[in-house]
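S.K.: Before I ask anything, let me first share the structure, which is written out below as structure tokens.
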Amino acid sequence: MWLFASYQVKLPKPILVKSESADPIVLMANLRGWDSEVTLIPSARSGRIKQPRDGGWYYPVSQLEITVIRDGELGDELMHEEAAKAIVERLLVFLQFKMSCSLFQAIEKYEQYFSNSDTSTDQAESDHIENIEPQLSLVVEYKQQSMRDYMSEYFSKELAKCLLHDAAISVANSRSRRACLELCMACESALGLRLKSAMLVKASMGSVFINQHSQEYEALIQLFKARDALKQGSGGLFKFVSASKKRQIQQDLTRWQGAVECLANWLDAMDKGLQGAL
């Protein structure tokens, strides 16, 4: 059962982040099985600051957005917000080291800090977390919640459409982790079954669709491989995503979105054709 939610975080005290522009900065991390995508949103209005020690430009950051993901069990949703707070806390520790050290020194200090301390997640910086509500209001009897357990009785064309709508919003806002899951769920809802791994995609599509839409089929395989990769966490270090990598992710998501829409439309046409033949 995939659990995911996005949180907006307002920091009571801004932090300075080194950046050449005011574009959002994306980081990835996996902490104790919780995959995360963190977006730092610099404030261009306040202007940039030049630090004399290294000559680099810094922007103040007071707003973060975190998408927290886990392929978990029932009951894990109770820990979801705590996981988000832990990620905020660790991120701020890492950024403090990064401001005064090189990247590799910051990583070393970060690892050492958490190996020698039992720091709690109850910090002022992580208390200002606001949940971003999902957009699935069109689904009949679907309760609005961020922890989504889409049981088999919810599989429907409407659910697939709403998940595609959610995914489009996530793609537009560069929430790549969330968009990947929403696209996979939309695909599963259109097919009416869960695909627990990319290996099961071919059998579920059928040869007719594969032969007619081979490019879209290949894109769907890549989509589910990307989802499966979310389960493979690293050691908890934050990894910055480069501008070129962000562009590639955006292109992949747009391509995958088109493939899921193609499959949903194709299944709808097949269903209408079958109904007309009866």
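S.K.: Search the structure for amide H atoms under 5 Å from the amide H of ARG175, placed 1.01 Å from N in the peptide plane, and list their residues when 5 or more places away or on another chain.
M.R.: Correct list: empty.
S.K.: Label-point separation (nm) for GLN222 and GLU111, each offset 7 Å from Cα along Cα-to-Cβ?
M.R.: Distance between label points: 3.3 nm.
S.K.: Another question, then. Given R₀ = 25 Å, what would the calculated FRET efficiency be for GLN215 paired with GLN250, taking r from the Cβ atoms and rounding to 0.05?
M.R.: Numbers: r = 19 Å, r/R0 = 0.74.
Efficiency computed from Cβ-Cβ geometry: 0.85.
S.K.: Now for a different question. Taking amide H positions as placed 1.01 Å from N in the peptide plane, with prolines and chain starts having none, which residues 5 or more places from SER19, or on another chain, fall under 5 Å of its amide H?
M.R.: TRP57, TYR58, TYR59
S.K.: I've got another one for you. In what sequence, largest accessible area first, do LYS18, LYS98 appear using a 1.4 Å probe? Please report the intermediate quantities before stating the final value.
M.R.: Numbers: LYS18 100, LYS98 55 Å².
Ranked from most to least accessible, the order is LYS18, LYS98.
S.K.: Something else about it: By accessible area of protein heavy atoms, probe 1.4 Å, what ranking do ARG32, ARG48, ARG177, ARG194 get, highest first?
M.R.: Sorted by accessible area, descending: ARG32, ARG48, ARG194, ARG177.
S.K.: Sticking with this structure for a sec: If you look at just the Cα atoms of segment 193-266, how large are its Rg and its Dmax in Å?
M.R.: In order Rg, Dmax, the Cα atoms of segment 193-266 give 14.4, 44 Å.
S.K.: What do you get when you divide the Cα radius of gyration of segment 153-278 by 2.2 N^0.38 Å, with N the number of residues?
M.R.: Numbers: Rg = 15.4 Å, N = 126, 2.2 N^0.38 = 13.8 Å.
This ratio for segment 153-278 stands at 1.11.
The values are calculated or read from the model by the stated rules, or taken from the named source; none is laboratory data. Here the structure is a predicted model, which is why all the values come from computation and not from measurement. As a convention, Cβ positions derive from the backbone with ideal geometry for all residues, glycine included, and neighbour counts pool all protein chains shown. Just so you know, the surface numbers come from the protein's heavy atoms only, side chains and all, with ligands and any DNA or RNA stripped out. Shrake-Rupley method; radii C 1.70, N 1.55, O 1.52, S 1.80 Å.
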